[in-house]
1. Please work out how much length the chain gains when fully extended from Leu245 to Glu128, using 0.36 nm per residue of separation minus the C-alpha to C-alpha distance, in nm with one decimal.
2. Based on the Cα atoms of the range 198-266, what semi-axes does the equivalent ellipsoid have, where each is the square root of 5 times one gyration tensor eigenvalue, given in whole Å with the largest first?
3. For the chain, what relative contact order do you get, as a whole percent, if you take Cα pairs closer than 8 Å and at least 6 residues apart?
4. Within 10 Å of each candidate Cβ there may be at most 10 other Cβ atoms; applying that plus a DSSP loop requirement, which GluC sites (Glu not before Pro) in the range 44-96 survive?
5. Which lysines have a Cα lying under 26 Å from the Cα of Lys304, excluding residues fewer than 8 positions away in the same chain?
6. Using per-residue counts of other Cβ atoms within 10 Å, averaged over each peptide, order 19-32, 107-120 from highest down.
7. If we count other beta carbons within 10 Å of each Cβ, what is the order of Val189, Val145, fewest first?
8. How big is the antiparallel share of DSSP beta bridges in the chain, given as a percent to the nearest 5?
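FYI, it's all coordinate maths here, none of it is from the lab. Please read these numbers as outputs of a predicted model, since none were measured by experiment. Heads up, the Cβs are rebuilt from the backbone with ideal geometry, glycines too, and the neighbour counts pull from every protein chain shown.
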Amino acid sequence: MTGIYLSGKTRLGTEEFDYIFETGPHKRISVIGPNGSGKTTLLRLIAGHECLLSGSLKIDEAIFDEPVSGFFLAPHLRELVLQHQGGSVFPHLTVEGNVAFPYRAKGYSKRNARSLASETLAGFGLSELKDKYPKQLSGGQTARVSLARSLTRRPKLLLLDEPTSALDVESANQIHQILHRLDTTLLLVSHDPVEVLKLSDYIIALERNQVIQFGDLESIIQQPASPWLSKFFDLNLISGVATGLEFTSDCGERLQLPQHHSGNVQISFPSSAVSLHLSPPTGSPRNKWKTTIAGLDRKDNLVKIKLSGSFDCHATITLASFQELEIALGNTIWASVKATELNVLPNTIPAKT
């Protein structure tokens, strides 16, 4: 596993980016954030295609970029690979030639390069395509070739920028399966929450050209530091005013909070934390409200239910619970959520772990 520590600033044109985080021993790291928040710039900085104006970049305790000491490790000397969005392959080389190219560039003989490439091709399910050219491949096949070539260098760190953004579901799943098997530490930029959930155990979240939160996946989901993060992970999000332990939504619904807060805030909570009842619930949980079934979406053994009333939100329950409740579109029911499941998002939150 490869640990990354970065505390520093860089600039592109008039835009300044401020990065502060450390990943520790985590192997599967996702970088997320709105468009233009600095995700690709971060990958380029780590790869050495951009440099720091101040601060320090360390990988496994070794300094890679430190302006104050004048040290900068050239990109070709870094034991990492940056694969840009959509990947890249040489159109004039066959699949085998593309995968063998990094070995040839290191001075391996053609025979040895092809032998090593054959092992990689087999691992990526590309052996039958070795004599084809990129123009003869599908998008998913091209993506696998690009990834296979990136990994022939056996990098300690693989940087991927939206590796499945242009692929269909089946091709994306193939890439995900390959990435799951890797021993290499993965740093992934993605706009797809499902991809992030499948491939990550650690998150670096960017907004407004800076890191606003970093930490393990579960902690970020439980306590996101911004409304954007709540929406990204498909959490319910409600605006209102907090007074002590009470929250009043913009529509007048009152909920109890787990801790004292004051002022204009937003609260988030997962759809799985919402319980549904045919009659007003008693006892714990304390937060309950009347609502109407406005939408149903079944996925495997779960049913996601859109609730409409004084505020809109979603609940996710098992198919068995859904059948037991015997609810349908347009039914009026009761919903509830424990105060401990509510995460309060102040208007301005500094970067935090």
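1. Values: separation 117, 0.36 × 117 = 42.12 nm, distance 6.36 nm.
Using 0.36 nm per residue and subtracting the Cα-Cα distance, I get 35.8 nm.
2. 26, 12, 11
3. The value is 16 percent.
4. When the GluC sites (Glu not before Pro) of the range 44-96 are filtered for loop state and at most 10 Cβ neighbours within 10 Å, Glu61 remain.
5. Lys198, Lys231, Lys288, Lys290, Lys338
6. 19-32, 107-120
7. Val189, Val145
8. Numbers: 68 of 87 bridges.
Bridges in the chain are about 80 percent antiparallel.
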